[in-house]
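Contents: one structure, followed by commentary.
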Amino acid sequence: IAMHLFAICELNDIPSQRAQGFVLARRYEDGEVRPWLIFVIRWGRNVLGYENKCPHEGVHLDWERGQFLDSSGTRIQCGKHGALFDLGTGECVDGPCAGAGLTPVELVVDDGDICVTGVELEEDEDYDSGCGVD
């Protein structure tokens with residue numbers, strides 16, 4: 001099976017040691033296409049991705065748009081109840097969902113683009129990828 005890569009933005013669109021959210025159109029197992037909220041953390045040339053969903057109550061992590069990291073920038077923080085997650089593993093290290101984890105999103109950097117892989121996405125004009133142009 002060929003690996004599908006879906007470019008969501010350029011590596012340089014996200015400053016190092018910052019995170020950015022994206023709304024993608026994902027085709028689920030039931031055949032439905034629904035919004036899929038993810039966020040990407042860039043650390044130099046490395047990128048990590050997780051679903052934008054706190055395991056505590058299923059809420060979005062960024063209660064202020066684009067705010068995914070704590071004040072020190074070393075942990076992922078849920079804006080609703082302050083749960084803290086390890087950047088590298090997505091595991092909750094402090095807060096109401098300690099021991100639970102964020103759902104990882106498979107990413108690769110291909111020719112300067114950050115790409116999602118391993119899921120079926122749709123090109124959909126209704127969803128804002130969050131990339132580049134305002």
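The values are calculated or read from the model by the stated rules, or taken from the named source; none is laboratory data. Here the structure is a predicted model, which is why all the values come from computation and not from measurement. Counting neighbours? That spans all protein chains shown, and the Cβs are built from the backbone with ideal geometry, glycine included. Heads up: the accessible areas ignore ligands, DNA and RNA and are worked out on the full protein's heavy atoms, side chains in. Shrake-Rupley method; radii C 1.70, N 1.55, O 1.52, S 1.80 Å.
Using the Cβ-Cβ distance between VAL108 and GLU64 with R0 = 25 Å, the FRET efficiency computed as 1/(1 + (r/R0)^6) comes to roughly 0.30. Contact order, relative form, for region 1-126: 28 percent (alpha carbon pairs under 8 Å, 6 or more residues apart, mean separation divided by residue count).
A cut-off under 15 angstrom between Cβ atoms defines the neighbours of GLY79, and their net charge, with Lys, Arg +1 and Asp, Glu -1, is -1. Report in % the part of the accessible area of the chain that belongs to carbon and sulfur, leaving out ligands and nucleic acids; probe 1.4 Å. Ligands and nucleic acids excluded, carbon and sulfur reach 43 percent.
Ranked by the mean number of other Cβ atoms within 10 Å of their residues, highest first, the peptides 59-65, 17-23 come out as 17-23, 59-65.
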